[in-house]
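Input: a single structure, listed below in structure tokens.
The values are calculated or read from the model by the stated rules, or taken from the named source; none is laboratory data. Source: prediction; values computed, not measured. Heads up, the Cβs are rebuilt from the backbone with ideal geometry, glycines too, and the neighbour counts pull from every protein chain shown. All accessible areas refer to the heavy atoms of the entire protein, side chains included, with ligands and DNA or RNA removed. Shrake-Rupley method; radii C 1.70, N 1.55, O 1.52, S 1.80 Å.
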Amino acid sequence: MDLSTGYLGLKLRSPLVASSSPFCKDVGNVLRLEDSGASAVVLHSLFEEQIQVESGELDRFLTETADSYGEAVSYFPEMTSYNLGPEPYLNHLRKVKESVDIPVIGSLNGVSTGGWIRYAQMMEQAGADAIELNIYYLPTELEMPSGKVEEMYFDLVSHVKASVRIPVSVKLGPFFTAFAHLATRLDAAGADGLVLFNRFYQPDFDLEALEVVPNLVLSDSQELRLRLHWAALLYNRIRPDIAITGGVHTAEDAVKGVMAGARCTMMTSALLRHGIPYLAKVEEDLIDWMEEHEYESIGQMRGSMSSQSVAEPAAFERANYMKVLSSYSLKPVAR
């Protein structure tokens, strides 16, 4: 059974990748992820807010945006909490690279160009096999048009890509007016991979304290559908590799991702919920599923359910909207 695949020019033993999570802060946990079958690991993110931007671009950005309230600093991760800070992060990356044989992907989380270029280069020097740009930006300015937001993405990708020799992927949210066009522009900007999709964590209301509070809810398999939709539509139409993250919890989820056209499927919530050894079970189940359905390799199934391969491509477009609505039948209500 050949589970191997390729992502960002890296050879992976399987499509099962451990994505960015608190597990990645500890070298011992990364070793456990490797032992449990992770074919690569995306380290936890280095946040832009914790990078000292010498150019002052971040200060300008934070003071100009509409949501830059003074108390916002209390929401930034502490150096001793989720994030390790710039220098400790780079030292951690070096230790992880020395300890494991699987590819290690560094993660930069931010918006502006300033510190990203410098720290992308430093991640490359520290041994990262690739860099994931985890762009998490909520445009709240009333005057900012969507085109300007997209240009920020293109500029960031092209600048980082020009500054390093290792592959660069972009982790994106789904909230764009014309996502297919965005993907082609990121392709032109030099992105080597697109990670679909970032989860935007929305705050909750504490009705007793009348406060807005952070609230982390782990994903489930239902979130996979949006990722499958766009992976299937983009497969073989753009150059960058496609990765799916968000909603991958079972072997069947991984199979769906590969059939949609993804090079790899990334897991976080499932591992946080069930523990690192759960990854080995997913791999076992993946092998069992492939044997039962007579697949000999991951490559054999990749893209087999993409829009270019299925009998009815309209299933991914507007026609599906009408079909889904008409397929629901009301059930009798007990009186």
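Which entries of 97/171; 148/256; 11/148; 25/256; 95/256 show an alpha-carbon separation above 25 angstrom in the structure shown?
148/256; 11/148; 25/256; 95/256
What does the highest-first list of 20-27, 246-253 look like by mean Cβ count within 10 Å?
So the order, starting with the most tightly packed, is 246-253, 20-27.
Please list the equivalent ellipsoid semi-axes of segment 208-310, computed as the square roots of five times the alpha-carbon gyration tensor eigenvalues, in descending order and whole angstrom.
The three semi-axes for segment 208-310 are 28, 19, 10 Å.
I want the local charge near residue 241. Using Cβ-Cβ distances under 10 Å, sum +1 for each Lys or Arg and -1 for each Asp or Glu among the other residues.
Working: positive: 239, 263; negative: 192.
Overall, the nearby charge balance is +1.
With a sphere of radius 11 Å drawn around the Cβ of residue 181, what net charge do the other residues whose Cβ falls strictly inside it have (Lys, Arg +1; Asp, Glu -1)?
-1
Which of the trypsin sites (Lys or Arg not before Pro) across segment 165-256 are loop residues per DSSP, with 12 or fewer other Cβ within 10 Å?
Passing both the DSSP loop test and the Cβ count: 165.
Which percent of the accessible heavy-atom area of segment 105-246 goes to carbon and sulfur, probe 1.4 angstrom? Please list the in-between numbers first.
Details: 3480 of 6480 Å².
It is 54 percent, rounded to a whole number.
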